[in-house]
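Asks: Structure provided below as structure tokens; questions to follow.
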Amino acid sequence: MQQAHALIDRRRFPQARQLLAGASQNYPDNTQLLYLSAFIDYSEGNIADADKTVRTVLLQDPKHYGARTLSAELHEAQRQ
């Protein structure tokens with residue numbers, strides 16, 4: 001997970017996405033992996049995909065701080 005964060009911090013989204021995809025095969029319901037995937041989608045401008053994934057995270061973990069914050073950002077982006 002640290003490696004994915006480091007790649008995201010460096011805006012190396014394709015590499016981070018590949019790493020997350022591999023981890024998601026073993027842990028498909030891991031909310032942190034899902035959140036990071038949603039964050040990458042948002043960062044790349046894929047608002048609809050990010051919104052769908054962040055909703056999945058919040059259904060599984062309604063108190064997930066990152067997902068709640070990203071959800072607010074997504075709602076603001078959709079309003080513009």
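Read the figures in this text as sums done on the coordinates, not as results from a lab. Bear in mind that the values here come from a model prediction, so they are computed numbers and not experimental data. Please note: Cβ atoms are built from the backbone with ideal geometry, for glycine as well, and neighbour counts cover all protein chains shown.
Asks: Nearest 10 degrees, 0 to 90: what angle lies between the long axis of helix 47-60 and the longest principal axis of the chain (Cα atoms)?
Replies: Helix 47-60 sits roughly 80 degrees off the main axis of the chain.
Asks: Of Ala21, Gln78, Thr53, whose Cα points farthest to the positive end of the dipole of the chain (charges on the beta-carbon: +1 Lys, Arg; -1 Asp, Glu; origin at the Cα centre)?
Replies: Ala21
Asks: Quick check for me: using +1 on Lys/Arg Cβ and -1 on Asp/Glu Cβ, what's the dipole size of the chain about its Cα centre, in debye to the nearest 20?
Replies: 100
Asks: Which trypsin sites (Lys or Arg not before Pro) does the chain hold that lie in a coil by DSSP with at most 16 other beta carbons within 10 Å? List each step's numbers first, then the result.
Replies: On the way: sites: Arg10, Arg11, Arg12, Arg17, Lys52, Arg55, Lys63, Arg68, Arg79; in loops: Arg10, Arg11, Arg12, Lys63.
For trypsin sites (Lys or Arg not before Pro) across the chain that sit outside H, G, I, E and B with at most 16 neighbouring Cβ atoms in 10 Å, the list reads Arg10, Arg11, Arg12, Lys63.
Asks: What is the Cα radius of gyration of region 2-79 over 2.2 N^0.38 Å, N being its residue count?
Replies: For region 2-79, the normalised Cα radius of gyration is 1.01.
Asks: Something else about it: What number, in percent, do you get for the relative contact order of the chain if the mean sequence gap of Cα pairs under 8 Å and at least 6 apart is divided by its residue count?
Replies: 21
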